[in-house]
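Shown next, in C-alpha cells, is the structure this report addresses.
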Amino acid sequence: MGLGFTAEFAFVALGLNYTLASHMSVFLYTAPVFAALGLHFLVPGEQLDRRQWWGIALAFVGMVIAMAPTTDHANAAAIVLGDVLGLLAGLSWAATTLVLRRSSLSEAPAEQALCYQLSVAALLLMPAAIWAGDVGTMQVSRLALASLSFQALVISFGALLLWFSLLRRYWASQLGVFSFLSPVFGVLFGAVLLNEPLTANFMIGGGVILSGIVLVTR
C-alpha cells in the first residue's frame, strides 16, 4: 500500500515537469479502468461484463488519441513523456486498490490503511526530495504553505480516509464512476486558472477516455 501510494505521487510530481496539469488530471484518473481490470481477475464478484470490456477498449483508444504527438505545442515530445508518467501514476493508484481488496486491510480500519500509505511515503519521498535538491530550493511563502496544507490535510488525509471507508462498504468498480468527475474539473481549472492550451486531439481523446471510464464503472 505504501509503495503504491509513494509511486503514484512520485510519478505525478515528475510528470508535471513535462506535461500540463490538465493532461495529468486525465491520465491519473485512468486508475478506475486499471483497477477494474485487475479486480476482474483477482477479486471474486467484481468480474467485468461485456459492456465494461467495451469501456476498457474505448478508454485505451482514447489514451492513444490523447497522447498522439501534435505540432500545436513546442514541447510535444516532453508532454508525451509526462503523459506516460501520468499513466504510471494511475496504474500505481489502481495497485493500491487491488492490494486493499485482496488483503486483510479490506477488514481493517480505514485509518490503518491511510497510516501505512502516509508513513511509507514520508519515509521514502523526503530523502528523495533532499537527494534531488528540491528541499534546498524551496521558497516558503503563504501560497506555498496554503497549498501544502491543503494537499496534506484535505487530499492526503481527509479525501483518502473517506475513500478507504467507502471501499470497505461498496464495490470499487461502482465508486469509480464518481472519480471520473475529477479529470473534468482538472481540464477546466487547467484552462481557466493556468491558461493551459487544449489541443484538439487531447480534447477528443480525453472525452473518449471518460466515456470508457463511465462504461466500466457505472
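Using modelled backbone amide H atoms (1.01 Å from N, in-plane), which distant-in-sequence or interchain residues come within less than 5 Å of Thr19's amide H?
Amide H neighbours of Thr19: Gly82.
Can you list residues whose amide H is under 5 Å from Glu196's amide H, if they're 5+ apart or on another chain and H is modeled 1.01 Å from N?
When sequence neighbours closer than 5 places are left aside, the close amide H contacts are Ala191.
Using the Kirkwood formula on the Cα atoms of the range 108-218, what hydrodynamic radius do you get, in angstrom to one decimal? Before the final figure, lay out the partial values.
On the way: mean 1/r = 0.0586 Å⁻¹.
Answer for the range 108-218: a Kirkwood hydrodynamic radius of 17.1 Å.
Between Arg169 and Trp53, what length comes free when the chain is fully extended (0.36 nm per residue of separation minus the Cα-Cα distance, one decimal in nm)? Let's see the in-between values first.
Values: separation 116, 0.36 × 116 = 41.76 nm, distance 2.43 nm.
Full extension from Arg169 to Trp53 adds 39.3 nm.
Using the Karplus curve 6.51 cos²θ - 1.76 cosθ + 1.60 with θ = phi - 60°, work out ³J(HN,Hα) for each residue of the range 39-54 in order, rounded to whole Hz, and write x for Gly and Pro.
Karplus values, whole Hz, x for Gly and Pro: 4, 4, 8, 10, 10, x, x, 10, 6, 7, 9, 4, 4, 5, 5, 5.
Please work out the average accessible area per residue across the chain, using the 1.4 Å probe convention, and give it in Å². Could the numbers behind the result be given before it?
Numbers: 11970 Å² over 218 residues.
On a per-residue basis, 55 Å².
With r defined as the distance between the Cβ atoms of Val192 and Ala77 and R0 fixed at 25 Å, what FRET efficiency is calculated, to the nearest 0.05?
Efficiency, from the Cβ-Cβ distance: 0.40.
May I ask you to derive the FRET efficiency for Val214 and Phe41 from their Cβ-Cβ distance with R0 = 30 Å, giving the value to the nearest 0.05?
0.85
Quick check of the Kirkwood formula: for the chain, what is the inverse mean of 1/r over all pairs of different Cα atoms, in Å?
Values: mean 1/r = 0.0554 Å⁻¹.
After inverting the pairwise mean of 1/r, the radius is 18.1 Å.
Roughly how many percent of the accessible protein surface of the chain is carbon and sulfur, given a 1.4 Å probe and a whole-percent answer? Present the calculation step by step, with values, prior to reporting the outcome.
Working: 8540 of 11970 Å².
Here carbon and sulfur together make up 71 percent of the probe-accessible area.
Say each of Trp131 and Gln112 gets a label point 7 Å from the Cα, pointing the same way as Cα to Cβ; how far apart are those two points in nm?
Roughly 3.1 nm, to one decimal.
Tell me, what is the FRET efficiency for Val184 and Ala144 to the nearest 0.05, using R0 = 22 angstrom and their Cβ-Cβ distance as r? Write down the numbers at each step before the final one.
On the way: r = 27 Å, r/R0 = 1.23.
That pair, Val184 with Ala144, gives E of 0.25.
Per DSSP H run of at least 4 residues, take -39500 (n - 2.57); add these up for the chain, divide by its residues and hand me the 222 nm value, nearest 500 deg cm²/dmol.
Values: 11 runs with 156 residues, N = 218.
The helix-only estimate for the chain comes to -23000 deg cm²/dmol at 222 nm.
State, to one decimal in nm, how far the label point of Val64 lies from the label point of Leu16, with both points 7 Å from Cα in the Cβ direction.
A separation of 3.1 nm, rounded to one decimal place.
How large is ³J(HN,Hα), in whole Hz, for each residue of the range 20-29 in order, when computed from phi with the Karplus curve 6.51 cos²θ - 1.76 cosθ + 1.60 and θ = phi - 60°, using x for Gly and Pro?
Result, rounded to whole Hz: 8, 4, 5, 5, 4, 5, 6, 6, 4, 8.
The values are calculated or read from the model by the stated rules, or taken from the named source; none is laboratory data. Just so it is clear, the model here is predicted, and its values are computed rather than measured. Positions of Cβ are backbone-derived with ideal geometry, glycine not excepted, and every protein chain shown enters the neighbour counts. The accessibility values were calculated without ligands, DNA or RNA, using every heavy atom of the protein model including side chains. Shrake-Rupley method; radii C 1.70, N 1.55, O 1.52, S 1.80 Å.
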